[in-house]
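Enquirer: Dropping a structure here in structure tokens format, bear with me for questions.
The values are calculated or read from the model by the stated rules, or taken from the named source; none is laboratory data. Given the structure is predicted, the values throughout are model-derived calculations rather than measurements. Note that we place each Cβ from the backbone using ideal geometry, even for glycine, and neighbour counts take in every protein chain shown.
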Amino acid sequence: MKKTAETQVPVLAAIAERWSPRAYDSSYQLNNDELVAILEAGRWAPSAMNVQPWRFSVVRRDEALAETLTKDALFGFNAAWVPNASLVIYISVPETTEDGSPYTIAYFDAGLAAQNMMLQAEALGLSAHPISGFSSENASKILELEEGRTAIVALAVGKRAEPEVLQGSPAYDREIADRHRLPLTEVVIRGL
């Protein structure tokens with residue numbers, strides 16, 4: 001299923017074709033080169049002063065840890081579709097800087113890393129769905145993250161399946177819905 005973005009002028013194919021599916025092929029397992037390419041894309045994202053505050057925790061579908069995270073950390077219907085993805089990458093950041101002040105730019109930096117990873121997945125013929133619907137506190141504990149580091153987003157990664165694998169699930173209607181974005185006239189405040 002394709003959902004190519006409708007843009008006023010052409011954009012990179014990986015951007016136009018990338019969307020966040022919930023239907024994943026439960027028989028497909030990422031190979032090591034695919035995983036490393038996605039992680040490298042995240043590693044090479046820009047960050048403020050090149051601090052690279054993100055850390056990646058990879059949890060494969062067949063690990064017992066995946067079941068624990070699904071049961072104890074995922075919210076709502078995410079627990080129904082995420083287990084079909086090949087793996088989930090939890091991205092964490094430190095809560096404070098070395099001087100103890102809030103590390104708010106780390107969230108932006110982690111977002112850049114996540115976007116690089118999602119675009120790399122798309123370029124590899126895979127899909128990645130960012131997930132905020134999970135308990136950050138529970139996931140951080142289950143992943144045994146160091147004190148002061150918090151899981152802020154997760155990426156479900158795998159091979160896209162046909163939407164019918166979600167038939168009867170609340171995720172099905174979202175899967176088949178058209179993509180929608182606000183027009184540029186609403187998001188560009190000045191300069192267009």
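Enquirer: From the residues in the range 89-98 that are β-branched (Val, Ile, Thr) and not in a loop (DSSP other than H, G, I, E, B), which one is farthest from Ala66 (Cα to Cα)?
Expert: Checking each candidate, the answer is Thr96.
Enquirer: Filter the range 165-190 down to the residues that are over 21 Å from Ala5 (Cβ atoms) and free of Cβ contacts under 8 Å to residues at least 60 places away in the same chain and list them by number.
Expert: Residues satisfying the conditions are Gln167, Gly168, Tyr172, Ile189, Arg190.
Enquirer: Follow-up. Can you tell me which of Val58, Val36, Val9 is β-branched (Val, Ile, Thr), at pLDDT 95 or above and assigned to a strand (DSSP E or B)?
Expert: After ruling out the rest, the residue left standing is Val58.
Enquirer: Here's a follow-up. In the range 41-55, which residue that is touching a residue at least 40 places away in the same chain (Cβ under 8 Å) and assigned to a helix (DSSP H, G or I) is nearest to Gly133 (Cα to Cα)?
Expert: Gly42
Enquirer: Could you list, in sequence order, the residues of the range 38-66 that are of a type outside the set (A, V, I, L, M), within 28 Å of Val165 (Cα to Cα) and within 18 Å of the chain's Cα centre (by Cα)?
Expert: Matches in the range 38-66: Ser57, Arg60, Arg61.
Enquirer: Which one is surrounded by the fewest Cβ atoms within 10 Å (Cβ to Cβ) among residues in the range 63-86 that are in a loop (DSSP other than H, G, I, E, B) and of a type outside the set (Phe, Trp, Tyr)?
Expert: Across the range 63-86, the extreme among qualifying residues is Gly76.
Enquirer: A further question on this structure: Hey, could you check the range 131-159 for residues that are more than 13 Å from Ala73 (Cα to Cα) and buried (at least 20 other Cβ atoms within 10 Å of the Cβ) and say which is nearest to the chain's Cα centre (by Cα)?
Expert: So the residue we want is Leu155.
Enquirer: Follow-up. Would you check which residues across the range 1-37 are of a type in the set (Lys, Arg) and under 17 Å from the mean Cα position of the chain (by Cα) and list them?
Expert: Arg18, Arg22
Enquirer: What helices (runs of 4 or more DSSP H), lying completely within the range 99-192, carry at least 3 residues that are touching a Gly at 6+ places or on another chain (Cβ under 6 Å) and of a type outside the set (D, E, K, R)?
Expert: 105-123
Enquirer: Of a type outside the set (A, V, I, L, M, F, W, C) and touching a Phe, Trp or Tyr at 6+ places or on another chain (Cβ under 8 Å) - does that describe any residue in the range 62-75?
Expert: Looking for residues that are of a type outside the set (A, V, I, L, M, F, W, C) and touching a Phe, Trp or Tyr at 6+ places or on another chain (Cβ under 8 Å), one finds none in the range 62-75, hence no.
Enquirer: What residue, of Ala106, Ala113, is more than 15 Å from the chain's Cα centre (by Cα) and closer than 30 Å to Thr185 by Cα?
Expert: Ala106
Enquirer: Please work out which one of (1) assigned to a helix (DSSP H, G or I); (2) touching a residue at least 24 places away in the same chain (Cβ under 8 Å) is the condition Arg22 fails and give its number.
Expert: Among (1) assigned to a helix (DSSP H, G or I); (2) touching a residue at least 24 places away in the same chain (Cβ under 8 Å), Arg22 violates only (1).
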